[in-house]
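Just below is one structure, and these are the notes that go with it.
The values are calculated or read from the model by the stated rules, or taken from the named source; none is laboratory data. Note that the structure is predicted; figures quoted are calculated from it, not measured. Ideal geometry is used to build each Cβ from the backbone, glycine not excepted, and the neighbour counts take in all protein chains shown.
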């Protein structure tokens, strides 16, 4: 089961997703600094104080087969613009989640996320034969909720007191998913959106 997600590199017209490694530390910090993204309390964007733990935990989860973290590159410049990952990987049920996604501020609302999600979803449904792909976000992250909805995912529900935040407060999580039966329609919609963004 640990080999379900082998070495994966995904490439589109504007972005490239490559496996996260320790060498990406400075690039991730530079991307996160554009907008001081770590200050958004409802996200998990690394800061200089947390980057080493962020990378170590992601690589440990990759090693045990439960996650596959990526850095997102701008194909033109080669710069790291953010990060995303497959997580909560369940090969026995042919399901996984896409999350831990963030981008430098200047790449938000540029079509980068649309192309990234297209590449991740296409690989999940067409290469891994997933029956469903799930998304989870903080109730208070309204921008993320809207972005997930624009992808074509449907809201499944709200998990009340789902997690404890670092400060001890409780987090409600909103659950969305796309099923294999919905993938053809979602794919067509995302391809249309990428043409609009000239991806």
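Criterion applied to 149, 179 was being under 16 Å from residue 131 (Cα atoms) and either at pLDDT 95 or above or surrounded by 13 or more Cβ atoms within 10 Å (Cβ to Cβ) (or both), and the one residue passing it is 179. Within segment 100-110, being surrounded by 19 or more Cβ atoms within 10 Å (Cβ to Cβ) and more than 8 Å from the chain's Cα centre (by Cα) holds for 103, 104, 107.
So for segment 92-99 (the condition being in a helix (DSSP H, G or I), out of contact with any strand residue (DSSP E or B) (no Cβ under 7 Å at 6 or more places or on another chain) and either surrounded by 15 or more Cβ atoms within 10 Å (Cβ to Cβ) or in contact (Cβ under 8 Å) with a residue 24 or more places away in the chain (or both)), does at least one residue qualify?
Of the residues in segment 92-99, the ones in a helix (DSSP H, G or I) are 92-93.
Remaining after also requiring out of contact with any strand residue (DSSP E or B) (no Cβ under 7 Å at 6 or more places or on another chain): 92-93.
If we keep only those that are either surrounded by 15 or more Cβ atoms within 10 Å (Cβ to Cβ) or in contact (Cβ under 8 Å) with a residue 24 or more places away in the chain (or both) as well, we get 92-93.
Yes, the conditions are met somewhere in segment 92-99.
Every condition in (1) modelled with pLDDT of 95 or more; (2) in contact with a helix residue (DSSP H, G or I) (Cβ under 6 Å, 6 or more places away or on another chain) is met by residue 161 except one, and the failing one is (2). Please tell me if residue 118 is in contact with a strand residue (DSSP E or B) (Cβ under 8 Å, 6 or more places away or on another chain) and either crowded, with 22+ Cβ neighbours inside 10 Å or in contact (Cβ under 8 Å) with a residue 24 or more places away in the chain (or both). Here the answer is no, as residue 118 does not meet what is asked. Of all the numbered requirements in (1) at pLDDT 95 or above; (2) farther than 26 Å from residue 59 by Cβ; (3) in contact with a helix residue (DSSP H, G or I) (Cβ under 9 Å, 6 or more places away or on another chain), residue 154 misses one, and that requirement is (3).
So is residue 84 crowded, with 22+ Cβ neighbours inside 10 Å, in contact (Cβ under 8 Å) with a residue 40 or more places away in the chain, within 21 Å of residue 194 (Cβ to Cβ) and in contact with a strand residue (DSSP E or B) (Cβ under 9 Å, 6 or more places away or on another chain) or not? Taking the combined requirement at face value, the residue satisfies it. A Cβ distance below 7 Å, combined with a sequence gap of six or more or placement on separate chains, defines the contacts here; from segment 123-139, residues that are crowded, with 20+ Cβ neighbours inside 10 Å reach residues that are part of a helix (DSSP H, G or I) in the pairs 125/183; 130/124; 133/121; 133/124; 135/148; 137/144; 137/145; 137/148.
Step by step: first the residues of segment 38-78, then only those that are touching a helix residue (DSSP H, G or I) at 6+ places or on another chain (Cβ under 7 Å) and under 14 Å from residue 112 (Cβ atoms), then the one that is surrounded by the most Cβ atoms within 10 Å (Cβ to Cβ). Which residue is that? Ranking the candidates gives 72 first.
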